[in-house]
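Quick one: the structure is below, questions incoming.
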Amino acid sequence: MTFTPPLKDCNFCQRLCAFRAENRQKYQTYHNAPVPSFGDLTAEILIVGLAPGLHGANQTGRPFTNDYAGNILYPALKEHGFAKGNYQKRKDDGFELINVRITNAVRCVPPQNKPLPAEEKNCRAFLSSEITAMPNLKVILCLGAISHKNVLQALNLKQSAAKFTNGAVHRLKEPPYIIIDSYHTSRYNINTGVLSYQMFSETIKKLQGLLK
Ligand code: SF4
């Protein structure tokens, strides 16, 4: 099955379109469009975040790139062999993912980093079709409870199928994916001690074992 990403002027979410138009005026060098996923569709692992940050992925056009959360995510992936190159917070830094694809539950930047439930719902169609278009997909790493909720909904599963818990591994029967949860690598979670680099690194380390 092929995956068709949203158009650069996707207008399914009125509030996000208005914010995008405002940002196109204010920040003319920014990407200011739905942020395309990073990594190959043939990967066995899909990492799902929440939404692009205004001056992060919305600026650079690559998920988590120049977002604070990327400062935790990308080094941890490299540490455990899921990336190579030097992450330099730019789309053209040559950094490469290995057997991993990264996307967001909501592909356009929301005001205050907070998408509305209706916007999550609108964008979920892309998440569902992207999951379906990954022929080798085995493991989905959800960064944060909102990502977890959207992944279950994208898979047509009830929330009771898997409860979000940091570090939890959920082996689904149908579809037969493994979901693994982590708190989001956001600045807030790191600064408040909810998540540390070491805790997140432990979760990424588990991915190797889950692919066997
Ligand atoms: S968030 Fe998703 S559905 Fe909404 S406008 Fe952006 S790409 Fe389209």
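The values are calculated or read from the model by the stated rules, or taken from the named source; none is laboratory data. Not measured: the values here are computed from a predicted model. Here the Cβ positions follow ideal geometry from the backbone for every residue, glycine too, while neighbour counts run over all protein chains shown.
Which of the residues belonging to the range 27-66 are touching a Phe, Trp or Tyr at 6+ places or on another chain (Cβ under 6 Å) and surrounded by fewer than 20 Cβ atoms within 10 Å (Cβ to Cβ)?
Those that are touching a Phe, Trp or Tyr at 6+ places or on another chain (Cβ under 6 Å) and surrounded by fewer than 20 Cβ atoms within 10 Å (Cβ to Cβ): none in the range 27-66.
When you scan the range 63-83, do you find a residue that is acidic (Asp, Glu) and within 16 Å of Asn189 (Cβ to Cβ), even just one? First the steps, then the outcome.
Step one: filter the range 63-83 for residues acidic (Asp, Glu), giving 67, 79.
Going one step further and asking which of them are within 16 Å of Asn189 (Cβ to Cβ), we end up with 67.
Yes, the conditions are met somewhere in the range 63-83.
Go through the range 99-123 and report how many residues are more than 14 Å from the chain's Cα centre (by Cα), closer than 22 Å to Leu73 by Cα and more than 10 Å from the ligand (Cβ to nearest atom).
So the count comes out to 3.
Please go through (1) under 30 Å from Asn23 (Cα atoms); (2) free of Cβ contacts under 8 Å to residues at least 24 places away in the same chain for Ser160 and return the number of the only condition it doesn't satisfy.
Here Ser160 clears every test but (1).
Let me ask another. So for the range 193-204 (the condition being at pLDDT 95 or above and in a strand (DSSP E or B)), does at least one residue qualify? Show your work before the answer.
If we filter the range 193-204 for residues that are at pLDDT 95 or above, which is where we start, we get 193-204.
Right, trim to in a strand (DSSP E or B) and you get none.
So far as the range 193-204 goes, no, none of its residues is at pLDDT 95 or above and in a strand (DSSP E or B).
Anything in the range 124-149 that is assigned to a helix (DSSP H, G or I), of a type in the set (A, V, I, L, M) and away from the ligand (no atom under 16 Å from the Cβ)? List them, or say none.
Taking the range 124-149 first, the residues assigned to a helix (DSSP H, G or I) are 124-132, 145-149.
Cutting the leftovers down to of a type in the set (A, V, I, L, M) gives us 125, 127, 131, 145-146.
Listed by number, the list holds a single entry, Ala145.
So which of Ala43, Ala33, Ala51 is closer than 21 Å to Ile140 by Cα, modelled with pLDDT of 95 or more, assigned to a loop (DSSP other than H, G, I, E, B) and within 16 Å of the ligand (Cβ to nearest atom)? Write out each step before concluding.
On the way: Ala43 fails: within 16 Å of the ligand (Cβ to nearest atom); Ala33 fails: closer than 21 Å to Ile140 by Cα.
Testing whether each residue is closer than 21 Å to Ile140 by Cα, modelled with pLDDT of 95 or more, assigned to a loop (DSSP other than H, G, I, E, B) and within 16 Å of the ligand (Cβ to nearest atom) leaves just Ala51.
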